[in-house]
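Worksheet for the structure shown next.
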Amino acid sequence: MIVVMDKNYTSDNINQVVKYIKDKGLETNVSKGKSKCVIGILGNISVENLEKISAMKCVEKISKVQEPYKKANRLFHPEDTVVNVNNSKIGGGNLGIIAGPCAVESEEQIVEIARQVKDSGADFLRGGAFKPRTSPYSFQGLELNGLKLMQIAKAETGLAIVSELMSVSYLDEFMNTVDVIQIGARNMQNYDLLKQVGRTNKPVILKRGLSSTIEEWLLSAEHIMAAGNENIILCERGIRTFETYTRNTLDLSAIPVVKKHSHLPIIVDPSHGTGHSQYVESMSMAAIVAGCDGLMIEVHNNPKQALSDGQQSITPNEFDKMMKKIKLLSELDRNLK
Ligand code: PEP
Ligand code: MN
(Lines give C-alpha, C1' and ligand atoms only; values in the text may rest on other atoms or scores of the structure.)
(Ligands and ions follow the chains in the order given, each with its own letter.)
Protein backbone atom coordinates (compact mmCIF):
# COMPACT_ATOMS: atom_id res chain seq x y z
CA MET A 1 0.00 0.00 0.00
CA ILE A 2 1.11 3.56 -0.60
CA VAL A 3 -0.21 6.73 0.92
CA VAL A 4 -0.03 9.66 -1.50
CA MET A 5 0.14 12.89 0.48
CA ASP A 6 -1.81 16.01 -0.49
CA LYS A 7 0.39 18.38 -2.50
CA ASN A 8 0.36 20.95 0.34
CA TYR A 9 1.78 18.46 2.85
CA THR A 10 4.08 19.58 5.66
CA SER A 11 6.72 17.59 7.52
CA ASP A 12 4.38 17.46 10.52
CA ASN A 13 1.80 15.78 8.28
CA ILE A 14 4.37 13.15 7.23
CA ASN A 15 5.30 12.53 10.86
CA GLN A 16 1.64 12.13 11.77
CA VAL A 17 1.01 9.51 9.07
CA VAL A 18 4.28 7.68 9.76
CA LYS A 19 3.58 7.57 13.49
CA TYR A 20 0.08 6.23 12.88
CA ILE A 21 1.44 3.39 10.73
CA LYS A 22 4.37 2.62 13.03
CA ASP A 23 2.05 2.47 16.05
CA LYS A 24 0.33 -0.41 14.26
CA GLY A 25 3.65 -2.28 14.23
CA LEU A 26 4.33 -1.69 10.52
CA GLU A 27 7.28 -0.22 8.67
CA THR A 28 7.17 2.83 6.42
CA ASN A 29 9.18 4.08 3.48
CA VAL A 30 8.96 7.84 2.90
CA SER A 31 9.79 9.17 -0.55
CA LYS A 32 9.79 12.94 -0.92
CA GLY A 33 10.02 14.17 -4.49
CA LYS A 34 9.87 17.69 -5.91
CA SER A 35 6.10 17.83 -6.02
CA LYS A 36 4.92 14.60 -4.51
CA CYS A 37 5.36 12.74 -1.24
CA VAL A 38 4.55 9.06 -1.05
CA ILE A 39 4.62 6.94 2.10
CA GLY A 40 4.94 3.23 1.46
CA ILE A 41 3.52 0.77 3.98
CA LEU A 42 5.47 -2.47 4.39
CA GLY A 43 3.34 -5.28 5.78
CA ASN A 44 -0.37 -5.93 6.08
CA ILE A 45 -2.56 -3.14 7.31
CA SER A 46 -6.21 -3.56 8.23
CA VAL A 47 -9.01 -2.01 6.19
CA GLU A 48 -10.11 -0.08 9.25
CA ASN A 49 -6.68 1.52 9.69
CA LEU A 50 -6.50 2.33 6.00
CA GLU A 51 -9.84 4.10 6.22
CA LYS A 52 -8.53 6.17 9.14
CA ILE A 53 -5.43 7.21 7.15
CA SER A 54 -7.53 7.92 4.09
CA ALA A 55 -9.74 10.26 6.13
CA MET A 56 -6.76 12.41 7.19
CA LYS A 57 -6.87 15.85 5.58
CA CYS A 58 -3.24 15.72 4.51
CA VAL A 59 -3.78 12.49 2.52
CA GLU A 60 -4.75 12.62 -1.15
CA LYS A 61 -5.30 8.90 -1.71
CA ILE A 62 -4.22 5.37 -0.86
CA SER A 63 -3.31 2.87 -3.58
CA LYS A 64 -2.54 -0.80 -3.54
CA VAL A 65 0.86 -1.98 -4.78
CA GLN A 66 0.15 -5.23 -6.60
CA GLU A 67 3.73 -6.27 -7.31
CA PRO A 68 5.62 -8.33 -4.71
CA TYR A 69 8.55 -5.89 -4.71
CA LYS A 70 7.87 -2.72 -2.76
CA LYS A 71 11.00 -0.63 -2.08
CA ALA A 72 12.20 -1.25 -5.64
CA ASN A 73 8.77 -0.28 -6.99
CA ARG A 74 8.29 3.06 -8.71
CA LEU A 75 5.00 3.48 -6.88
CA PHE A 76 6.96 3.57 -3.60
CA HIS A 77 9.47 6.05 -5.02
CA PRO A 78 8.13 7.98 -8.04
CA GLU A 79 11.37 9.81 -8.83
CA ASP A 80 14.39 8.16 -10.44
CA THR A 81 17.03 7.00 -7.99
CA VAL A 82 20.45 8.50 -8.62
CA VAL A 83 23.34 6.42 -7.30
CA ASN A 84 26.38 8.51 -6.33
CA VAL A 85 29.81 6.92 -6.49
CA ASN A 86 32.62 9.29 -5.50
CA ASN A 87 32.13 12.11 -8.04
CA SER A 88 30.10 10.14 -10.57
CA LYS A 89 26.35 9.71 -10.75
CA ILE A 90 24.28 7.00 -12.41
CA GLY A 91 20.56 7.47 -12.98
CA GLY A 92 18.13 10.35 -13.38
CA GLY A 93 19.65 11.41 -16.71
CA ASN A 94 23.28 10.80 -15.69
CA LEU A 95 24.97 8.26 -17.94
CA GLY A 96 27.67 6.16 -16.25
CA ILE A 97 30.26 4.45 -18.44
CA ILE A 98 32.04 1.45 -16.93
CA ALA A 99 34.85 -0.07 -18.97
CA GLY A 100 37.73 -2.46 -18.47
CA PRO A 101 38.79 -6.05 -18.94
CA CYS A 102 36.73 -9.04 -18.00
CA ALA A 103 39.50 -10.03 -15.57
CA VAL A 104 42.48 -8.30 -14.02
CA GLU A 105 45.51 -10.14 -15.40
CA SER A 106 48.56 -8.07 -14.38
CA GLU A 107 49.50 -4.61 -13.15
CA GLU A 108 50.65 -3.52 -16.63
CA GLN A 109 47.42 -4.77 -18.21
CA ILE A 110 44.98 -3.13 -15.80
CA VAL A 111 46.88 0.16 -15.49
CA GLU A 112 47.28 0.52 -19.26
CA ILE A 113 43.60 -0.23 -19.94
CA ALA A 114 42.55 2.09 -17.10
CA ARG A 115 44.54 4.98 -18.58
CA GLN A 116 43.14 4.38 -22.04
CA VAL A 117 39.48 4.09 -21.06
CA LYS A 118 39.82 7.13 -18.79
CA ASP A 119 41.21 9.17 -21.70
CA SER A 120 38.23 8.11 -23.78
CA GLY A 121 35.79 9.31 -21.10
CA ALA A 122 34.93 6.28 -18.95
CA ASP A 123 33.83 7.05 -15.39
CA PHE A 124 34.48 3.62 -13.84
CA LEU A 125 37.01 0.83 -14.29
CA ARG A 126 35.74 -2.73 -14.25
CA GLY A 127 37.95 -5.76 -13.64
CA GLY A 128 37.16 -9.18 -12.26
CA ALA A 129 39.42 -10.47 -9.50
CA PHE A 130 37.23 -13.45 -8.58
CA LYS A 131 35.84 -14.95 -11.77
CA PRO A 132 32.78 -17.21 -11.99
CA ARG A 133 34.02 -19.53 -14.78
CA THR A 134 31.95 -22.34 -16.25
CA SER A 135 34.98 -24.64 -16.17
CA PRO A 136 37.03 -25.11 -13.00
CA TYR A 137 40.11 -25.42 -15.25
CA SER A 138 39.71 -21.93 -16.75
CA PHE A 139 41.45 -18.89 -15.25
CA GLN A 140 39.72 -18.13 -11.96
CA GLY A 141 41.10 -14.62 -11.43
CA LEU A 142 43.96 -13.17 -9.39
CA GLU A 143 41.68 -12.99 -6.35
CA LEU A 144 42.89 -10.64 -3.58
CA ASN A 145 45.94 -9.66 -5.60
CA GLY A 146 43.58 -8.65 -8.41
CA LEU A 147 41.83 -6.24 -6.04
CA LYS A 148 45.21 -4.73 -5.10
CA LEU A 149 46.00 -4.19 -8.79
CA MET A 150 42.60 -2.52 -9.26
CA GLN A 151 43.54 -0.14 -6.47
CA ILE A 152 46.82 0.69 -8.16
CA ALA A 153 44.89 1.47 -11.37
CA LYS A 154 42.53 3.65 -9.35
CA ALA A 155 45.43 5.55 -7.78
CA GLU A 156 46.93 6.10 -11.26
CA THR A 157 43.73 7.30 -12.94
CA GLY A 158 41.22 8.35 -10.29
CA LEU A 159 38.63 6.01 -11.83
CA ALA A 160 36.15 4.46 -9.40
CA ILE A 161 36.50 0.67 -9.41
CA VAL A 162 33.94 -2.08 -9.89
CA SER A 163 34.57 -5.77 -9.19
CA GLU A 164 32.48 -8.87 -8.70
CA LEU A 165 31.94 -10.33 -5.22
CA MET A 166 31.13 -14.04 -5.36
CA SER A 167 31.35 -15.01 -1.71
CA VAL A 168 30.29 -13.43 1.56
CA SER A 169 33.65 -14.43 3.01
CA TYR A 170 35.39 -11.65 1.02
CA LEU A 171 32.88 -8.91 1.83
CA ASP A 172 35.24 -7.06 4.21
CA GLU A 173 38.03 -6.97 1.61
CA PHE A 174 35.61 -5.63 -0.99
CA MET A 175 34.29 -3.01 1.43
CA ASN A 176 37.85 -1.74 1.86
CA THR A 177 38.89 -1.79 -1.78
CA VAL A 178 36.16 -1.37 -4.40
CA ASP A 179 33.79 1.55 -5.01
CA VAL A 180 31.01 -0.60 -6.44
CA ILE A 181 30.30 -4.26 -5.70
CA GLN A 182 29.13 -6.26 -8.71
CA ILE A 183 26.79 -9.17 -8.10
CA GLY A 184 27.07 -11.40 -11.15
CA ALA A 185 24.32 -13.07 -13.13
CA ARG A 186 25.06 -16.45 -11.52
CA ASN A 187 24.62 -15.00 -8.05
CA MET A 188 21.50 -12.93 -8.67
CA GLN A 189 19.56 -15.44 -6.61
CA ASN A 190 22.20 -15.99 -3.94
CA TYR A 191 19.93 -14.47 -1.33
CA ASP A 192 22.42 -14.71 1.50
CA LEU A 193 24.96 -12.73 -0.52
CA LEU A 194 22.25 -10.18 -1.40
CA LYS A 195 21.29 -9.78 2.25
CA GLN A 196 24.90 -9.29 3.31
CA VAL A 197 25.60 -6.57 0.73
CA GLY A 198 22.25 -5.14 1.75
CA ARG A 199 23.63 -4.56 5.24
CA THR A 200 26.33 -2.28 3.82
CA ASN A 201 26.02 1.11 2.15
CA LYS A 202 28.25 0.23 -0.80
CA PRO A 203 26.75 0.84 -4.26
CA VAL A 204 25.84 -2.48 -5.91
CA ILE A 205 25.55 -3.43 -9.57
CA LEU A 206 23.03 -6.25 -9.69
CA LYS A 207 23.23 -8.22 -12.92
CA ARG A 208 20.17 -9.96 -14.29
CA GLY A 209 20.26 -13.74 -13.82
CA LEU A 210 20.82 -15.92 -16.86
CA SER A 211 17.22 -17.10 -16.94
CA SER A 212 15.53 -14.59 -14.67
CA THR A 213 12.36 -12.69 -15.32
CA ILE A 214 12.32 -8.97 -14.67
CA GLU A 215 10.12 -9.59 -11.64
CA GLU A 216 12.63 -12.07 -10.15
CA TRP A 217 15.41 -9.56 -10.81
CA LEU A 218 13.51 -6.75 -9.07
CA LEU A 219 12.81 -9.09 -6.15
CA SER A 220 16.55 -9.69 -5.85
CA ALA A 221 17.01 -5.91 -5.70
CA GLU A 222 14.28 -5.90 -3.05
CA HIS A 223 16.33 -8.32 -0.92
CA ILE A 224 19.23 -5.85 -0.92
CA MET A 225 16.92 -2.90 -0.24
CA ALA A 226 14.98 -4.70 2.50
CA ALA A 227 18.30 -5.21 4.30
CA GLY A 228 18.91 -1.44 4.13
CA ASN A 229 21.00 -0.70 1.03
CA GLU A 230 19.18 1.34 -1.60
CA ASN A 231 22.23 2.13 -3.78
CA ILE A 232 21.45 -0.34 -6.51
CA ILE A 233 22.17 -0.21 -10.22
CA LEU A 234 20.49 -2.93 -12.30
CA CYS A 235 22.47 -4.37 -15.20
CA GLU A 236 20.86 -6.10 -18.19
CA ARG A 237 23.42 -8.57 -19.56
CA GLY A 238 21.33 -10.80 -21.78
CA ILE A 239 19.30 -13.90 -21.04
CA ARG A 240 19.50 -17.50 -22.22
CA THR A 241 17.40 -18.30 -25.25
CA PHE A 242 17.53 -20.86 -28.06
CA GLU A 243 19.67 -18.46 -30.15
CA THR A 244 23.25 -19.58 -30.71
CA TYR A 245 24.68 -16.86 -32.97
CA THR A 246 24.94 -14.67 -29.88
CA ARG A 247 26.16 -15.77 -26.42
CA ASN A 248 22.97 -14.45 -24.80
CA THR A 249 19.95 -12.56 -26.06
CA LEU A 250 20.29 -8.94 -24.96
CA ASP A 251 16.85 -7.92 -23.74
CA LEU A 252 16.76 -4.22 -24.54
CA SER A 253 13.04 -4.13 -23.83
CA ALA A 254 14.02 -4.62 -20.18
CA ILE A 255 15.08 -0.95 -20.13
CA PRO A 256 11.64 0.67 -20.61
CA VAL A 257 9.98 -2.14 -18.64
CA VAL A 258 12.28 -1.64 -15.64
CA LYS A 259 11.84 2.14 -15.92
CA LYS A 260 8.08 1.71 -15.75
CA HIS A 261 8.10 -0.59 -12.74
CA SER A 262 11.12 0.62 -10.81
CA HIS A 263 12.97 3.83 -9.95
CA LEU A 264 16.36 2.10 -9.89
CA PRO A 265 18.90 2.98 -12.59
CA ILE A 266 19.50 0.37 -15.28
CA ILE A 267 22.70 -0.07 -17.26
CA VAL A 268 23.42 -2.46 -20.12
CA ASP A 269 26.32 -4.86 -20.70
CA PRO A 270 26.41 -5.56 -24.45
CA SER A 271 29.66 -7.55 -24.10
CA HIS A 272 28.09 -10.47 -22.20
CA GLY A 273 24.78 -9.65 -23.89
CA THR A 274 26.09 -10.58 -27.33
CA GLY A 275 29.38 -12.38 -26.72
CA HIS A 276 31.00 -10.86 -29.81
CA SER A 277 33.03 -7.67 -29.99
CA GLN A 278 31.58 -6.67 -33.36
CA TYR A 279 28.08 -6.30 -31.91
CA VAL A 280 29.07 -4.22 -28.88
CA GLU A 281 28.86 -0.80 -30.52
CA SER A 282 25.46 -1.23 -32.16
CA MET A 283 23.91 -2.65 -29.00
CA SER A 284 25.45 0.15 -26.91
CA MET A 285 23.91 2.76 -29.18
CA ALA A 286 20.56 0.97 -29.12
CA ALA A 287 20.66 0.76 -25.31
CA ILE A 288 21.24 4.50 -25.05
CA VAL A 289 18.33 5.30 -27.33
CA ALA A 290 16.18 2.88 -25.33
CA GLY A 291 16.90 4.99 -22.24
CA CYS A 292 19.56 3.15 -20.23
CA ASP A 293 21.49 4.95 -17.49
CA GLY A 294 24.88 3.62 -18.44
CA LEU A 295 26.94 0.92 -20.09
CA MET A 296 29.36 -1.74 -18.92
CA ILE A 297 31.83 -2.57 -21.68
CA GLU A 298 34.63 -5.15 -21.71
CA VAL A 299 37.80 -3.54 -23.08
CA HIS A 300 41.10 -5.41 -23.47
CA ASN A 301 44.42 -4.17 -24.86
CA ASN A 302 45.08 -7.57 -26.43
CA PRO A 303 41.74 -9.40 -26.83
CA LYS A 304 43.30 -12.39 -28.62
CA GLN A 305 45.48 -13.13 -25.60
CA ALA A 306 42.85 -12.30 -22.94
CA LEU A 307 42.52 -14.87 -20.17
CA SER A 308 38.74 -14.55 -20.26
CA ASP A 309 36.09 -13.23 -22.64
CA GLY A 310 38.53 -12.04 -25.33
CA GLN A 311 36.00 -12.72 -28.07
CA GLN A 312 33.59 -10.14 -26.71
CA SER A 313 36.20 -7.55 -25.68
CA ILE A 314 36.76 -4.45 -27.79
CA THR A 315 40.14 -2.72 -28.00
CA PRO A 316 40.85 0.65 -26.37
CA ASN A 317 40.91 2.16 -29.87
CA GLU A 318 37.48 0.75 -30.71
CA PHE A 319 36.24 1.95 -27.33
CA ASP A 320 37.51 5.44 -28.04
CA LYS A 321 35.70 5.58 -31.39
CA MET A 322 32.54 4.24 -29.80
CA MET A 323 32.67 6.80 -26.98
CA LYS A 324 32.78 9.65 -29.51
CA LYS A 325 29.61 8.32 -31.14
CA ILE A 326 27.98 7.73 -27.75
CA LYS A 327 28.62 11.32 -26.73
CA LEU A 328 26.97 12.65 -29.88
CA LEU A 329 24.10 10.21 -29.61
CA SER A 330 23.35 10.92 -25.97
CA GLU A 331 23.34 14.66 -26.63
CA LEU A 332 20.90 14.17 -29.49
CA ASP A 333 18.79 11.86 -27.35
CA ARG A 334 18.66 14.44 -24.53
CA ASN A 335 17.57 17.13 -26.98
CA LEU A 336 14.78 14.94 -28.28
CA LYS A 337 13.30 14.49 -24.80
C1 PEP B 1 31.42 -10.25 -15.84
O2 PEP B 1 30.94 -9.10 -15.75
O3 PEP B 1 32.60 -10.48 -16.15
C4 PEP B 1 30.52 -11.41 -15.65
C5 PEP B 1 30.97 -12.58 -15.26
O6 PEP B 1 29.26 -11.10 -15.96
P7 PEP B 1 27.88 -11.96 -15.79
O8 PEP B 1 27.74 -12.17 -14.32
O9 PEP B 1 26.87 -11.03 -16.38
O10 PEP B 1 28.05 -13.22 -16.58
MN1 MN C 1 33.39 -11.28 -18.72
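Only one of the numbered conditions (1) in contact with a helix residue (DSSP H, G or I) (Cβ under 8 Å, 6 or more places away or on another chain); (2) at pLDDT below 95; (3) of a type in the set (A, V, I, L, M) is violated by VAL280, and that is (2).
The strands (runs of 3 or more DSSP E) found entirely in region 42-129 that carry 1 or more residues being away from ligand 2 (no atom under 16 Å from the Cβ) and of a type outside the set (Val, Ile, Thr) are 59-63, 83-85, 88-90, 96-100.
Within region 234-264, the only residue that satisfies the criterion of being closer than 14 Å to SER211 by Cβ, in contact (Cβ under 8 Å) with a residue 40 or more places away in the chain and of a type in the set (A, V, I, L, M) is ALA254. In region 319-337, the qualifying residues are those that are at pLDDT 95 or above and surrounded by fewer than 18 Cβ atoms within 10 Å (Cβ to Cβ), and the one that is farthest from ligand 2 (Cβ to nearest atom) is LEU328. Here is the figure for region 141-162: residues that are out of contact with any strand residue (DSSP E or B) (no Cβ under 7 Å at 6 or more places or on another chain), outside any helix (DSSP H, G or I) and closer than 13 Å to PHE124 by Cα total 1.
Tell me, please, whether a residue that is closer than 27 Å to SER31 by Cα and either open to solvent by less than 40 Å² (accessible area, probe 1.4 Å) or in a helix (DSSP H, G or I) (or both) can be found in region 282-289.
no
Total residues in region 180-217 satisfying the condition of being open to solvent by 20 Å² or more (accessible area, probe 1.4 Å) and touching a residue at least 40 places away in the same chain (Cβ under 8 Å): the figure is 4.
The values are calculated or read from the model by the stated rules, or taken from the named source; none is laboratory data. Since the structure is predicted, the reported quantities are computational estimates derived from the model, not experimental observations. In this analysis, Cβ positions are derived from the backbone assuming ideal geometry, glycine residues included, and neighbour counts consider all displayed protein chains. The accessibility values were calculated without ligands, DNA or RNA, using every heavy atom of the protein model including side chains. Shrake-Rupley method; radii C 1.70, N 1.55, O 1.52, S 1.80 Å.
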